[in-house]
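Asks: Have a look at this one.
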Amino acid sequence: GAAEGPNVVRAGAYDDWRKRIAKMPADDSKRDTWMKPPLRGMFRSLHGVANTLRKMGRSAEALAAYQELEALDPNRYSFSSYVNYKANVPEVLLRLGDLAGCD
């Protein structure tokens with residue numbers, strides 16, 4: 001059977017979460033995916049997808065993934081274990097020729 005416990009996320013939970021926060025205002029602190037430990041693995045996975053796309057030179061797709069991370073967690077926490085998804089966005093924007101987006 002499926003694993004059970006406090007940090008096991010059911011199938012479809014990530015998509016449900018994305019739909020739920022899409023209805024919330026951008027400044028709503030409840031959007032902060034990083035502050036929900038069971039969702040951190042999914043957040044890290046999306047970060048890995050974004051980084052892989054960036055390294056493959058698929059900049060437009062990478063930017064979309066980084067933008068999804070921004071939507072999932074707009075407040076960007078600074079814990080030592082936190083995924084720093086903003087670090088690579090300027091590189092992607094430069095590759096896409098979006099100099100204005102680099103500010």
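Asks: Let me cross-check residue 82: its accessible surface, 1.4 Å probe, with only protein heavy atoms counted, in Å² to the nearest 10?
Replies: Near enough 30 Å² of accessible area.
Asks: If the reach is capped at under 20 angstrom between alpha carbons, list the aspartates and glutamates near residue 86, excluding any in the same chain fewer than eight residues apart.
Replies: Cα-Cα hits under 20 Å: 27, 28, 32, 61, 68, 70, 73, 98, 103.
Asks: Among all the lysines, which ones have a C-alpha under 20 Å from residue 19's C-alpha, if same-chain residues fewer than 8 places away are not counted?
Replies: The qualifying lysines are 30, 36.
The values are calculated or read from the model by the stated rules, or taken from the named source; none is laboratory data. Note that this is a predicted model, so its numbers are computed, not measured. Surface areas here come from the heavy atoms of the whole protein model, side chains and all, with no ligands, DNA or RNA. Shrake-Rupley method; radii C 1.70, N 1.55, O 1.52, S 1.80 Å.
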